[in-house]
Amino acid sequence: MGGRLEGRVALVTGASRGIGRAIAEAFGREGARVALFARSKQDLEKVAATISGGETLALSGDVTRARDVAGAVERVLTQWGRIDILVNNAGVGHFAPLSDLTEEQWDHMMAVNLKGPFLCTKAVWPIFVRQKGGHVVNISSVAGTTTMEGGAGYSATKWGLRAVTDTLIKEAKPHKIKVSIIGPGSVDTYFNDKEPGQRPSYALQPADVAQVALDIVSAPPGVIINEVIMRPLVPPTR
Ligand code: NAP
């Protein structure tokens, strides 16, 4: 029997590790053809080799560069003739009280977390409109619905991504395009200069987020799951 994403083509940004890697693997297991996009070609090729189900493409590039994004989208179209799912996952975080946050850190987060999804979505949009269908899944954060000390810049990007998502949901419906956002709490990845295993044991796993992404993109054709916020069950107060 075919997988839940048989016949569909997905482009996942930030797929070389962490959440993006888990999403690419989950989509591949369900039969999707998956294009993996991030800067580190070697890591992408390693991940692509672990995907058992469908075909893969490892595309190196930077989501903040329009040329890289356009090149990646072009490659996917040349290879597979369509794109059904874009996962805007690539993201970075710098955390410090606002007075200590550097301009470079601020600009870096704005560029990767906000401009990246803007450029990637803009690049696939005409394809989705032409196909009369497609799905944009944005990876935000709990920090995209709440704030915490030290997170002003990061939260600004994720609240911004929420505003972009909310607007797009409205612009997308007439074209039968779905738009969704996932806001995870702490996930055990390399994010914020950590290594897997360094977060508290209760942190979410990348596969938990991938499971939700898979459920969202395999919802029935007439159903849009617009937003999911997901937290670890502990600690009890956050
Ligand atoms: P991660 O393990 O550090 O992975 C980040 C990914 O983004 C890597 O594949 C990285 O690959 C890619 N990336 C970074 N800059 C890029 C750029 N300019 N162009 C293309 N790709 C780029 O982090 P993660 O936890 O999986 O984060 C994924 C998403 O989840 C982010 O949007 C993050 O904000 C969000 N999130 C994370 C957590 C958490 O606690 N981990 C919680 C909530 C939300 P290269 O370095 O090779 O480019």
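The values are calculated or read from the model by the stated rules, or taken from the named source; none is laboratory data. Worth saying up front: this structure is predicted, and the values here are computed from it rather than measured. Neighbour counts are summed over all protein chains in view; Cβ atoms, including those assigned to glycine, are modelled from backbone coordinates with ideal geometry. Keep in mind that these areas ignore ligands, DNA and RNA; they rest on the heavy atoms of the full protein, side chains included. Shrake-Rupley method; radii C 1.70, N 1.55, O 1.52, S 1.80 Å.
Side notes on the structure shown:
- Check on MET148, more than 10 Å from the ligand (Cβ to nearest atom), outside any loop (DSSP other than H, G, I, E, B) and at negative phi: no
- Identity of the residue in segment 96-111, within 11 Å of the ligand (Cβ to nearest atom) and open to solvent by 20 Å² or more (accessible area, probe 1.4 Å), that ends up farthest from VAL69 (Cα to Cα): HIS108
- Verdict on ALA48 being under 18 Å from the mean Cα position of the chain (by Cα), at pLDDT 95 or above, over 22 Å from LEU5 (Cα atoms) and more than 12 Å from the ligand (Cβ to nearest atom): no
- Applying a threshold of 8 Å to beta carbon distances and a minimum spacing of six or more residues, or different chains, the list of pairs starting in segment 112-134 at a residue that is in contact (Cβ under 8 Å) with a residue 40 or more places away in the chain and more than 13 Å from the ligand (Cβ to nearest atom) and ending at one that is of a type in the set (Lys, Arg) and open to solvent by 50 Å² or more (accessible area, probe 1.4 Å) reads ILE127/ARG82; GLN131/ARG82; LYS132/LYS176; GLY133/LYS176.
- Options ARG29, ARG39, ARG75: the member that is basic (Lys, Arg) and either farther than 15 Å from CYS120 by Cβ or out of contact with any strand residue (DSSP E or B) (no Cβ under 9 Å at 6 or more places or on another chain) (or both): ARG29
- Residue satisfying condition, being at pLDDT 95 or above and either within 14 Å of the ligand (Cβ to nearest atom) or on the phi > 0 side of the Ramachandran plot (or both), within set LEU5, LEU59: LEU59
- Just one of the numbered conditions (1) without any contact (Cβ under 8 Å) to a residue 40 or more places away in the chain; (2) crowded, with 16+ Cβ neighbours inside 10 Å is not true of PRO235: (2).
- Of all residues assigned to segment 52-64, none qualifies as being assigned to a helix (DSSP H, G or I), open to solvent by less than 60 Å² (accessible area, probe 1.4 Å) and without any contact (Cβ under 8 Å) to a residue 60 or more places away in the chain.
- Scanning segment 193-207 for residues that are within 11 Å of the ligand (Cβ to nearest atom), open to solvent by 60 Å² or more (accessible area, probe 1.4 Å) and in a helix (DSSP H, G or I) yields one hit, ASP193.
- Test: residue in segment 79-92 that is among the acidic types (Asp, Glu) and crowded, with 20+ Cβ neighbours inside 10 Å: yes
- In a residue-by-residue description of segment 9-30, the property of being more than 9 Å from the ligand (Cβ to nearest atom), open to solvent by 60 Å² or more (accessible area, probe 1.4 Å) and in a loop (DSSP other than H, G, I, E, B) applies to no position.
- For segment 161-191, the set of residues classified as part of a helix (DSSP H, G or I), within 14 Å of the ligand (Cβ to nearest atom) and open to solvent by less than 20 Å² (accessible area, probe 1.4 Å) consists of LEU161, THR165, listed by residue number.
- Here THR78 clears all of (1) touching a residue at least 60 places away in the same chain (Cβ under 8 Å); (2) hydroxyl-bearing (Ser, Thr, Tyr); (3) closer than 22 Å to GLY7 by Cβ except the condition numbered (1).
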